[in-house]
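The values are calculated or read from the model by the stated rules, or taken from the named source; none is laboratory data. Only a predicted model underlies this, so the values are computations on that prediction, with no experimental measurement involved. Here Cβ is always computed from backbone atoms with ideal geometry, including for glycine, and neighbour counts include all displayed protein chains.
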Amino acid sequence: MHSQGPPSSGKNGQPRFPRIPPDRYTVLGELGSGGMGTVLKATHVQLNKPVAIKVLNMELVKDRTSLSRFESEARAGGQLAHPNLVAVFDFGYTLDGEPYFVMEYVEGFSLSELVKRCGKCPSADFIFVFIQALKALNYIHKKNVIHRDIKSSNIMLQFIEGDRYVKLIDFGIAKVLADTGVTMQQLTSTGEAVGSPLYMSPEQCKGSHVDVRADIYSLGCVMHECFAGYPPFRGGNAMQTIHMHINDPPAPLASLCKNEQELLIASMIHKCILKRPDDRYQTAAELGMHLEEIGNVGLQVQTIQRPTSTVDAANRWKKSGKTTEHTAAAMQGQTGSNIPQIVRTEFQDATRTAMQDKFASGQAQASGLSQTLRRPTSPMNSPGLAQSGLVQGGAPQPEPAPVDERLAERWNLHNVSGQQSMSNGNFYEAERHFQQAVEIAEQFGRSDDRLPNSLNRLALSYKSQGRLDEAEKIYVRAIEMREAIVGSLSKDLLPLLEQYAGLLRILKRDQEAEKIEKRIHFIMKSK
C-alpha cells in the first residue's frame with residue numbers, strides 16, 4: 001500500500017513498532033508514516049490475512065483535536081463500503097493506549113508511483129482509472145463525506161488475477177457532514193487548511209468553507225498529473241504552490257493532445273480546476289458521466305495533425321524514458337473499445353437531481369458569489385486570462401478586495417506553509433512562517449481568534465526545537481488571549497490547555513500540570 005520505510009529503533013537497534021495486541025494481529029513491518037500516524041503491515045492472527053494498521057503518533061495522543069480527527073477517520077471509513085474504497089473493519093487501542101484502526105491491505109501501485117515510473121497515462125488507461133475513482137467519490141459524497149486529501153498517492157491500482165481495480169484510500173482528514181457527533185470546529189482550528197499543497201483547492205488554501213467541489217478540484221489536479229505527467233501547479237515551496245492555486249491560471253494542455261478524445265479530456269481537466277467552485281463540475285456524478293461520454297469517442301476519432309515543433313515538445317517525455325508504451329505495460333492497458341462502462345443510471349440519476357437543484361438556485365448563487373468571490377488584482381489578473389478561458393469574453397476584472405481580506409489570505413498562506421514545514425521536520429522554517437502569521441494576526445485586533453491560533457502554532461515550533469521556556473511563554477499568552485475572546489469556560493480553550501499541560505509534564509512541573517488538567521476536566525463537564 002505504501003513503500004516500506006525504516007522503522008524507529010528501540011533497544012539494541014531492534015525495530016520498535018506500536019504495540020498492537022498480539023492476540024489479534026502480528027506486526028510485520030512499517031509501510032509509512034506521516035504527521036498524523038504510522039501505517040503498519042500486519043497479519044490477522046485468526047484469519048491469517050494481511051492487513052494495514054494505522055496508529056496515531058504517540059506525541060499526539062494527549063492532543064484531543066488530533067485524537068478526534070483520527071477517530072473521525074476511523075468512523076468515516078467504517079461506515080463506507082464500496083468496491084473502489086479501501087475497507088476499514090476494526091478499531092482499537094494499542095497496549096500503550098494509542099488508537100488504531102485496521103484497513104484492507106492493498107498490494108499494488110499508486111498513481112503517483114506510476115507517473116514517476118512511466119510518465120503520462122494513455123487515454124484508455126486514464127479513462128478506466130478515473131471512472132472507477134469517480135464511482136468511489138460519488139459514493140462517499142452521497143454519504144455526506146468529503147475526502148479533502150485526494151492526491152495521486154491516495155489512488156491505488158490493484159491487480160487480482162489479471163484484472164485491475166482502483167482503490168481510493170486514506171480518509172485522514174475526511175470531513176463528515178452527517179450528524180456523527182464530531183463537528184468540524186472540534187477537528188480544525190479556525191483558518192486551518194488541511195490537504196496536500198499540490199492538490200489543494202483554492203478554498204482549502206484560503207481556509208474557507210469547502211464542499212464536494214473541493215474534491216472535484218483535487219481530483220482534477222490528479223487528472224492533470226496523469227494526463228500531462230506533472231501537476232498543474234508546483235512552486236518552489238508549499239507557500240508558492242498555494243499562492244498559485246489561488247491566483248494562477250493553469251497552463252493549457254492542448255499542445256499535448258493528438259486527437260479529439262485527448263482534447264476533450266484536456267477541456268474536462270480544465271473545468272475541474274477552475275478557481276470558482278460554481279464554475280467546476282458540481283458533482284462526481286456529473287463529471288463521471290462526462291468522462292464516460294469521452295470514453296465512447298474511443299477509436300472513432302481521426303488523429304489531429306500538429307506542427308512538428310509541438311509534436312517534438314509532446315515527445316520529450318519519451319526521450320527521457322517515460323514512454324506511453326511503458327505506461328501501458330505497467331498498467332496493463334486496454335484499448336478504447338473495451339473500456340469497462342460505468343453503470344449509467346448511477347451517474348445519470350445523481351446528475352439529473354444535482355442539475356435541477358443547481359438550476360433552481362442558480363440566480364441566488366450567482367448574486368452571492370459575485371460579492372463573496374472577488375479577489376485582489378494581481379499580475380495574474382490580466383487581459384491574458386480572457387484568452388486562457390478563465391475570464392469569459394474578456395469581462396472586466398473584479399474590484400480589488402479590502403485590505404483585511406488580503407491580510408487574511410497572507411495569514412492563511414503563512415499558517416499552511418508553516419504546517420507543511422512542521423510535517424517535513426523543518427522546524428526553523430515553520431517558526432519563520434508562524435512568526436509572520438503572528439505579526440499579521442496582530443493587525444486584526446485582540447478580539448480576533450487568529451492571533452491565539454498563530455501563537456499556538458509558534459509555541460509548537462519552539463517545543464519541537466527543544467526551546468521549552470520560550471514555548472511556555474507563548475502558550476501562556478495564547479491562553480490569556482483566547483480566554484479573553486471566548487470566556488474561561490469555553491471548550492475552545494481545551495486544545496491550548498492540553499498543549500500547555502503536556503509541556504509542563506515535559507518540564508517535570510507535574511503539580512502545575514495537574515492544576516491545568518483539573519481545569520480541563522472541569523471545562524469538559526460544564527455545559
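Mind counting the residues in the stretch 463-482 that are out of contact with any Phe, Trp or Tyr (no Cβ under 6 Å at 6 or more places or on another chain) and buried (at least 22 other Cβ atoms within 10 Å of the Cβ)?
Residues in the stretch 463-482 being out of contact with any Phe, Trp or Tyr (no Cβ under 6 Å at 6 or more places or on another chain) and buried (at least 22 other Cβ atoms within 10 Å of the Cβ): 3 in total.
Within the stretch 104-113, identify whether any single residue is outside the structural domain of GLY425 (by TED's automatic domain parsing), at pLDDT 80 or above, touching a helix residue (DSSP H, G or I) at 6+ places or on another chain (Cβ under 9 Å) and over 25 Å from TYR139 (Cα atoms), and answer yes or no.
Yes - at least one qualifying residue is present in the stretch 104-113.
Search the stretch 436-460 for residues being of a type in the set (D, E, K, R) and in a loop (DSSP other than H, G, I, E, B), and hand back the single one that is farthest from the chain's Cα centre (by Cα).
Across the stretch 436-460, the extreme among qualifying residues is ARG446.
State yes or no: is GLU498 surrounded by fewer than 16 Cβ atoms within 10 Å (Cβ to Cβ) and either acidic (Asp, Glu) or without any contact (Cβ under 8 Å) to a residue 24 or more places away in the chain (or both)? Let's see the steps before the verdict.
Details: surrounded by fewer than 16 Cβ atoms within 10 Å (Cβ to Cβ): no; either acidic (Asp, Glu) or without any contact (Cβ under 8 Å) to a residue 24 or more places away in the chain (or both): yes.
No: the conditions fail for GLU498.
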